[in-house]
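The values are calculated or read from the model by the stated rules, or taken from the named source; none is laboratory data. Treat the numbers as computed from the prediction; the structure is a model and nothing was measured. Here the Cβ is made from the backbone with ideal geometry for all residues, glycine too, and neighbour counts use every protein chain on show. SASA here: full protein model, heavy atoms, side chains in, ligands and nucleic acids out. Shrake-Rupley method; radii C 1.70, N 1.55, O 1.52, S 1.80 Å.
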Amino acid sequence: MKLRIPMPVIRVTRTLTVIYAVSMVGVVILQRPIMFPGWMISSERAAARPRSPGLEDVTVETSDGERLKAFWKQPAPGAPVIVTLHGRVATPARGADRFAGPPWSTAGYGVLSIAYRGYPGSTGFPSEEGLIEDARAAIVYAARRAPESPVVIHGHSMGTGPAVAVAAEYPALALILDAPFTSFENAAAFQFPTLPTRLIVDKFKSYERIGRVKARLVHIVHGTADWVVPFSHGKTLAALRPDAIFHRIDGGTHRSILGQKDSEFEREITGLAKATKEVQITEWPMPDRG
């Protein structure tokens, strides 16, 4: 005896299958505008300039022909330069202000803060490889503008993805990660629990790269009340990098942690720079992408 499936059930099943298929196609097509929402930044925020003195508007050119809006502050002779990479819905002005002001300015630090491709003021379309290419271009720019200055790489939230990637390629003096994720897909799974993470194209697998980071000093900062990237992500990355210094900020949120440890970081990084008397390479070759 054959089991006969009622026609209404067949129709509903077909309809649901079509809806699911269409939604999966939508996820593939729309995920980058969701993951890299530079288009959401208002014109007022995009036009905002840093308040700190000594910053100039510059354009950073990438190896694949994009032009990135950026703010640059020249370091004192031999003082480090901080290359800072911002989060998903952010502009370079905030990072420029942070690192162009005390305590960093007191020690003569320079800073380069870029807007990723596809974000206001920059050309192109964002992707994982694109943002990593932007970070590479930023480091090359900093090294050429200040060839005797060691580079410090900083990333916040989404910016920790490209920060870890380029820190695994370049001999930076230090790496600072604020609210980092283990991977973009793991962070997306937390933010969008119904999203099939296997379909995420831009994965930023920092958990695979953190062990290859060449920086002499690694600081990881995470707040216990972070509702954007769970505290466990930063703790996991620190465990994967035994020499990393993990800073637990009790009650700290995704943004409130920013700058809380800067005085401590500046003293330690400045001391390391003086102790090593490191001379930066004038022309940094682009890394072998394998």
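So, for the stretch 42-108, what is the accessible surface per residue at a probe of 1.4 Å, expressed in square angstrom? Before the final figure, lay out the partial values.
Working: 3000 Å² over 67 residues.
Roughly 45 Å² per residue, with all protein chains present.
Let's test the formula: R0 of 22 Å, r as the Cβ-Cβ distance of LEU199 and TRP39. What FRET efficiency results, to the nearest 0.05?
Working: r = 21 Å, r/R0 = 0.96.
Calculated value: 0.55.
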3J(HN,Hα) from dihedral phi, the stretch 129-138, Karplus parametrisation 6.51/-1.76/1.60, rounded to Hz, x for glycine, proline: 5, x, 5, 5, 5, 4, 5, 4, 4, 5
Distant-in-sequence amide H partners of VAL218 (H built 1.01 Å from N, under 5 Å): LEU175, ILE245
Distance violations [Cα-Cα > 28 Å] among LYS205/LYS261; LYS69/LYS235; LYS205/LYS274: LYS69/LYS235; LYS205/LYS274
Sequence-separation-based contact order of the stretch 92-219, relative, with Cα cut under 8 Å and 6+ spacing, percent: 20
Packing-based order for 47-59, 262-274, 162-174, 226-238, using average beta carbon neighbours within 10 Å, highest first: 162-174, 226-238, 262-274, 47-59
From phi via Karplus (6.51, -1.76, 1.60), per-residue ³J(HN,Hα) for the stretch 225-232 in Hz, x at Gly/Pro: 9, 6, 9, 9, 10, x, 3, 4
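At a 1.4 Å probe, what is the % contribution of carbon and sulfur to the accessible area of the stretch 187-283? List each step's numbers first, then the result.
On the way: 2790 of 5140 Å².
Carbon plus sulfur share of accessible area: 54 percent.
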Where the stretch 124-233 is the region considered: accessible area per residue in Å², 1.4 Å probe: 31
Hz values of 3J(HN,Hα) by residue in the stretch 139-149 - Karplus curve (6.51, -1.76, 1.60), Gly and Pro given as x: 5, 4, 4, 4, 5, 7, 6, 9, x, 9, 9
Under-5 Å amide H pairs with GLY101, H placed in peptide plane, nonlocal only: none
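Would you please put 120-129, 97-106 in order of how densely packed they are, using the mean number of other Cβ atoms within 10 angstrom per residue and starting with the highest?
The densest-packed peptide leads the list: 97-106, 120-129.
Order these peptides, 108-115, 183-190, by their mean beta-carbon neighbour count within 10 angstrom, highest first.
Highest to lowest by the protection proxy: 108-115, 183-190.
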For LEU85, residues with placed amide H under 5 Å, excluding near neighbours: HIS154, GLY155, HIS156
